[in-house]
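Notes for the one structure printed next.
The values are calculated or read from the model by the stated rules, or taken from the named source; none is laboratory data. All of these numbers come straight from a predicted model, not from anything done at the bench. Counting neighbours? That spans all protein chains shown, and the Cβs are built from the backbone with ideal geometry, glycine included. To get the accessible areas, we keep the full protein, side chains included, count just its heavy atoms, and leave off ligands, DNA and RNA. Shrake-Rupley method; radii C 1.70, N 1.55, O 1.52, S 1.80 Å.
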Amino acid sequence: MKDTPIHWYFISFANKNLSPVKHKSSAKKSLKNGNQKKALHHYMLGLSKATKKRQIKRFKKVFTPEISKEIMTSVNNEMDSIKEVLDKQSFIEKAKTEKCYIDYLKYLQKLNKIKLSNENLSAYEILPYNKEEMDKANKAYVSIADSIAPCYYNLAIQKETTATKKDDWKKISSYYAIVQAYKENYKDAKDREDIAVEKSIYNVAVYPETVRSSTYRRLDKSLQLMIKDELSSSLNGSHMRHIRLVSESTPADFRINLAVSDILANHSDTKSNKVSYEREIVTGKDKAGNEIKSMVRANVTYFSKESSSSVKTFAEIIDNSTGEIKYSKTFQGSRNWHTRWYKLTGDHEALTKREKRNLPYLTQPETAPSDLSLIQGAIDGTVKNISGSLNSDFLYAKGVVSH
């Protein structure tokens, strides 16, 4: 949920544990990405850590007082803009703005602390940090935040009287969650949230159609189990509280229809390629100490074999209450397998070290996978794509709250 303080980050601070070189490169990267405030923080940390005159000189060449002045002018304008809108806002928006203003003050607090700790930074202009202003901003934020929990609690209670759809109960559950984000153990918000969640759950059932192949008919059941396993793994997280995967016999809000077609499995013939090798090698020395050389030869036959499979799987989601097709897509999957081996006749020394390293690992062919195994592999990859697509395009939207 976006309306909880845990997700409110308005200023990104630099990691203070980096080396001067890392700080300088991070500053350049931040400037490139348009984050001037973080770049200034990196520059100041880096320069404060620099000890050698040459290193300080190189730092100051890219980090000029003008950069600091320019960014501080921008920060001052942004803080003025924040204070301007505060009086026109209420509750959540006002709390966010106060939190944003506090982040700016924390930023100035860090910069001032760095500047005061190192004489290398004396020429750089930094807006002064005002502790009284920080205390005032924190007090204002706490005051606003204290009023948010009661506001959302009453809003949820009021909405419960008119809630008729699961979308209504989903929003009510989010209101109770926001209440607890601001004030733990607030009245009976947790119990009411659990009830609202239970009333907002969308039941989803998976219906694999008959696989269009008499040879591979048993893939129908395994496909069903695979898609359920994939979807279940993404639904187990607490962030997907509003979706429940149910069996075909349970009434469902949505059904996922699946159909596998165009099932193919191919095995190529064994291919071979014969290569001859010969070279002169040292076999010993004569009485005078001269090397004795002789020509050695070998023949290597390289073998290879390939197998592949491909399938098409059609997926669609239907709203059981209206019969409307909410989503449909065809997925293609494949699996490829290959093996290489060799047979050598003659002297093994006819091959150089590099040629020996390039030999296949096997001297006997591997057993090719069965048609069923190949097709199962192709479907497995397809199911993962289906699961990911349904999760991003449909289930996630139904399952999580973004209020």
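Any residue in segment 11-20 that is part of a helix (DSSP H, G or I) and open to solvent by less than 20 Å² (accessible area, probe 1.4 Å)?
no
For segment 363-372, enumerate the residues that are over 22 Å from Y302 (Cβ atoms) and surrounded by 15 or more Cβ atoms within 10 Å (Cβ to Cβ).
From segment 363-372, those over 22 Å from Y302 (Cβ atoms) are 370-372; that's our starting set.
The answer is D371, L372.
Spot the failing condition for Q158; the list is (1) modelled with pLDDT of 95 or more; (2) under 20 Å from K94 (Cα atoms); (3) polar (S, T, N, Q), and only one is missed.
Condition (2) is where Q158 drops out.
Would you pick out the residues in segment 251-300 that are of a type in the set (G, A, S) and farther than 30 Å from S200 by Cβ?
Correct list: A259, S261, A265, S268, S272, S276, G284, A288, G289, S294, A298.
Please go through segment 50-59 and give me each residue that is in a helix (DSSP H, G or I) and surrounded by fewer than 19 Cβ atoms within 10 Å (Cβ to Cβ), ordered by number.
Within segment 50-59, K53, R54, Q55, I56, K57, R58 qualify.
Those residues that are touching a residue at least 40 places away in the same chain (Cβ under 8 Å) and not charged (D, E, K, R), I need them from segment 150-188; list them, please.
C151, A156, S173, S174, Y175, A177, I178, A181, Y182
Is at least one residue of segment 282-304 over 30 Å from K353 (Cα atoms), not hydroxyl-bearing (S, T, Y) and not in a loop (DSSP other than H, G, I, E, B)?
So far as segment 282-304 goes, no, none of its residues is over 30 Å from K353 (Cα atoms), not hydroxyl-bearing (S, T, Y) and not in a loop (DSSP other than H, G, I, E, B).
I need the full set of residues from segment 381-403 which are open to solvent by 60 Å² or more (accessible area, probe 1.4 Å) and part of a helix (DSSP H, G or I), in order please. Outline the logic, then answer.
Our first condition is that a residue be open to solvent by 60 Å² or more (accessible area, probe 1.4 Å); within segment 381-403, this holds for 384-385, 392-393, 396-397, 402.
K384, N385, S392, D393, Y396, A397, listed by residue number.
Residue check, T339 against (1) assigned to a helix (DSSP H, G or I); (2) surrounded by 18 or more Cβ atoms within 10 Å (Cβ to Cβ); (3) free of Cβ contacts under 8 Å to residues at least 40 places away in the same chain, all met but one. Which one?
The one condition T339 does not meet is (1).
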